[in-house]
1. Using modelled backbone amide H atoms (1.01 Å from N, in-plane), which distant-in-sequence or interchain residues come within less than 5 Å of Val98's amide H?
2. Thr54's amide H: which non-local residues (gap 5+, or another chain) put their own amide H closer than 5 Å, with H modeled 1.01 Å from N in plane and none for Pro or chain starts?
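Readers should treat all values here as calculations from the given coordinates under stated rules, not as data from a laboratory. Computed from a predicted structure; not experimentally measured.
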Amino acid sequence: MEPHVYTRDERGQRRGWIEVVCGSMFSGKTEELIRRLRRARIAKQRVEIFKPATDTRYTELFGDEVVVSHDENAIPSQIVHSADQLFLLAGDAEVVGVDEAQFFGMELVDVCQRLARDGRRVIVAGLDQDYRGQPFEPVPQLMAVAEHVTKLHAICVRCGAPANHSQRIVAQGDRVLVGEKEAYEPRCRRCFEPPTDPPANPPAQTTSEPVSAPVRLTDA
Ligand SMILES: [Zn+2]
């Protein structure tokens, strides 16, 4: 499941790749990110960890310089305001960890690709779906370009099955409710109840024109 920690090939050249650790809230994404980064440190690799400035959870408890998981298992990190800033601050790190990837924009995909091409091991953790059950960019796009994808599950609070969804249990239309873990609970597909209110920012339609030509399902 977890790739090996060697970041150099047999000729000593650095070899980069992208790992994505995704899942619903309470699925242990940050714990898994921290576990992989700790193992890289044990392997004497230079590690840098970043999280977005919008992740304000626990800053009163721990200050600004930590990645915090729900079990308060903390490691030092740098706060960045954009994916580009992350690229600049990565310095000579061999392993770059990114937490709460869903709070970065789509530019995170390009930044992770550049870091991997530059020979870094990039480990990205984030939500793959929003509270409506819709794909939450940029994590699905990162999953597509990553060498390794790990999808974790929480436990459904209703039935005990593996939970794939973050059920929002307070009424609010914003896509992101930062720092409100009390506002969510993990649910499985069967127990998940997608919200019925319209999205605050409805996704843009790719086309409003009906497809007029008949679609052939086989090559003639
Ligand atoms: Zn369930």
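1. Amide H neighbours of Val98: Phe50, Ile123, Val124, Ala125.
2. When sequence neighbours closer than 5 places are left aside, there are no close amide H contacts.
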